[in-house]
Amino acid sequence: MNHDVTERAPPAARSEMASPDDRAWRGGLREKWPSIAVILLAQVAAMAVWFASAAAASALARSAPLSGFESALLTSAVQAGFVLGTLASVLVGIPDRFDPRRIFLISALAAATASATLVVLPPTGPGILALRFITGIALAGVYPIGMRLAATWASGDLGLLVGLLVGALTLGSASPHALAALAQLDWRVIYLAAAGLAACGGLAILAAGVGPNAPRQVRLDTGRISQAWLKPSLRLINLGYLGHMWELYAMWTWLAVFLAESFRRSGVVDARGLGELVTFGAIAAGAVGAWLGGVCADRWGRTTVTIAAMAASGACAAAMGWLEGATPWVVIAVAVVWGITIIADSAQFSAGIAELSEPESVGTMLTLQTCAGFLLTLVSIQLVAPVSRTMGWPAAFTMLAVGPVLGCVAMARLRASPDAARLAGGRR
């Protein structure tokens, strides 16, 4: 009689008979959640130098006469540097050619050094803008690389993993508004603290493992870059992401300003302080949205979640401008719903890119997507001021709603594509 030896063998024996690759996979999975936890903490800590921009701008205004344009430049310089850094990273093929932990470490330490150097310079002038620009370049090796590293651990839960990462970063993005409302810190202290966190985050990433899904290192192939546009499914998901980004960072940037004006008109005594606190709560609530979006997308599909989230956030954007001066609790409720829905889909565009790209190109495609998205935010953020000044907040926020509307169209077209079967294990 021929019996399968592995069926009769005891568990220990079956383990020994397993192939080396199988044993490596099972051993790797035991490291999964400790590694994910390290990646989350390291990413948030390293990105502190970005989050500090808004808080430092507020503190700088107390020690130096800053115009609104100069204050905005402190944040825009980081984003412009980030765009240049991600573009250079893609052209050189860094994300898919080298160990992501080494890229993360070097980038985080460079960002920490640039931020720490700020304290020896005058609070205004080209020197501080140049260092913020360099900080943005360095962060190009942190944000997308962290997502790439988390994706190597995915096993049917890619949406959740990237959602957790985006949720943690959302909390970090909200923190300056809490500082602005509750603390009166010197700008040098803010930058030094952020630099210290970034250095710690860079060192901490060495404790994270690289998951079983990591591809072997590949040679530079600039031809892969064109696939982001030439491949229909990648083009559609990138267009959906651009619609999402058109709204997201402009809302994060201008919500506190709008809320302060709205609360002032409705008679709130400390309108600015309440506006900062509500903005912190609305943005921080997005962390819950990112987590729920990841869970739902892995269960019901990426296009389902992205279309629903963009429809909801676009509706909030279109409504918010008309609520200026309305009862504060109504405005607060819409702001919190907007904060949740505007981030619920964010991670799913990154997860979708990872699923639709060839394994050896995932890092490059993620970095290129991020580059295009942040480049677009430089436009939408700057447009809100002149539109709101000349046509009012209803027009400014309705302009932002155009992005998610077009994003919904792109994701609906992707849903009808045969390639959508590769998303979330076949759950479109």
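The values are calculated or read from the model by the stated rules, or taken from the named source; none is laboratory data. For clarity, every value in this text was computed on a predicted model and none was experimentally measured. With ideal geometry, Cβ positions are generated from the backbone for all residues, glycine too; neighbour counts draw on all protein chains shown.
Points to keep in mind about this one:
- Checking each residue of the stretch 366-384 against the condition of being aliphatic (A, V, I, L, M) and closer than 19 Å to P100 by Cα gives at least one match.
- The stretch 379-423 - residue that is in contact with an Asp or Glu (Cβ under 6 Å, 6 or more places away or on another chain) and within 17 Å of G301 (Cβ to Cβ) and, of those, surrounded by the fewest Cβ atoms within 10 Å (Cβ to Cβ): R422
- Selection status of A410, in contact with a Lys or Arg (Cβ under 9 Å, 6 or more places away or on another chain) and not charged (D, E, K, R): yes
Residues are listed down the side, and each one gets a yes or a no for (1) closer than 30 Å to I353 by Cα; (2) surrounded by fewer than 20 Cβ atoms within 10 Å (Cβ to Cβ); (3) at pLDDT 95 or above; (4) not polar (S, T, N, Q):
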| position | (1), (2), (3), (4) |
| --- | --- |
| L248 | yes, no, no, yes |
| W254 | yes, no, no, yes |
| S262 | no, no, no, no |
| V268 | no, yes, no, yes |
| R272 | no, yes, no, yes |
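- Pairs with Cβ under 8 Å, 6+ apart, first in the stretch 92-103 and closer than 8 Å to I145 by Cβ and modelled with pLDDT under 85, second among the hydroxyl-bearing types (S, T, Y) and not in a loop (DSSP other than H, G, I, E, B): P95/S89; P95/T364; P95/T367
- Members of the stretch 299-317 found to be among the aliphatic types (A, V, I, L, M) and crowded, with 24+ Cβ neighbours inside 10 Å, listed by number: V305, A309, M310, A317
- So M320, is it out of contact with any Pro (no Cβ under 8 Å at 6 or more places or on another chain) and more than 30 Å from A154 (Cα to Cα): yes
- Unique match (being within 19 Å of S388 (Cβ to Cβ) and either in contact (Cβ under 8 Å) with a residue 40 or more places away in the chain or not in a helix (DSSP H, G or I) (or both)) among W291, W246: W246
- Residue match in the stretch 167-175 (condition: at pLDDT 85 or above, in a helix (DSSP H, G or I) and out of contact with any His (no Cβ under 8 Å at 6 or more places or on another chain)): no
- Taken across the stretch 204-221, residues that are part of a helix (DSSP H, G or I), touching a Leu at 6+ places or on another chain (Cβ under 9 Å), of a type outside the set (D, E, K, R) and crowded, with 22+ Cβ neighbours inside 10 Å do occur, with at least one present.
- Screening G267, G240 for residues that are out of contact with any helix residue (DSSP H, G or I) (no Cβ under 7 Å at 6 or more places or on another chain), among the small types (G, A, S) and either under 26 Å from D157 (Cα atoms) or not in a helix (DSSP H, G or I) (or both) leaves exactly one candidate, G267.
- Of all residue pairs spaced 6 or more apart or on separate chains, those with beta-carbon atoms under 8 Å, a first member in the stretch 256-273 that is touching a residue at least 24 places away in the same chain (Cβ under 8 Å) and a second member that is buried (at least 17 other Cβ atoms within 10 Å of the Cβ) and part of a loop (DSSP other than H, G, I, E, B) are F258/E324; E261/E324; S262/E324; R265/E324.
- Hey, W322 part of a helix (DSSP H, G or I) and touching a Leu at 6+ places or on another chain (Cβ under 9 Å) or not: no
- Some residue of the stretch 129-136 being over 30 Å from W291 (Cα atoms), aliphatic (A, V, I, L, M) and modelled with pLDDT under 85: no
- Of the residues in the stretch 361-378, at least one is touching a residue at least 12 places away in the same chain (Cβ under 8 Å), assigned to a helix (DSSP H, G or I) and surrounded by fewer than 17 Cβ atoms within 10 Å (Cβ to Cβ).
- Scan of the stretch 381-417 for residues that are closer than 14 Å to Q79 by Cα and over 17 Å from the mean Cα position of the chain (by Cα), ordered by number: Q382
- Being over 21 Å from the mean Cα position of the chain (by Cα), outside any helix (DSSP H, G or I) and over 30 Å from L91 (Cβ atoms) is not true of V257.
Residue-by-condition table, conditions (1) buried (at least 22 other Cβ atoms within 10 Å of the Cβ); (2) modelled with pLDDT under 75:
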site: A55; (1), (2): yes, yes
site: L60; (1), (2): yes, yes
site: L66; (1), (2): no, yes
site: F69; (1), (2): no, yes
site: L73; (1), (2): no, yes
site: V78; (1), (2): yes, no
site: L84; (1), (2): no, no
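- V305 being more than 27 Å from R224 (Cα to Cα), of a type in the set (A, V, I, L, M) and part of a helix (DSSP H, G or I): yes
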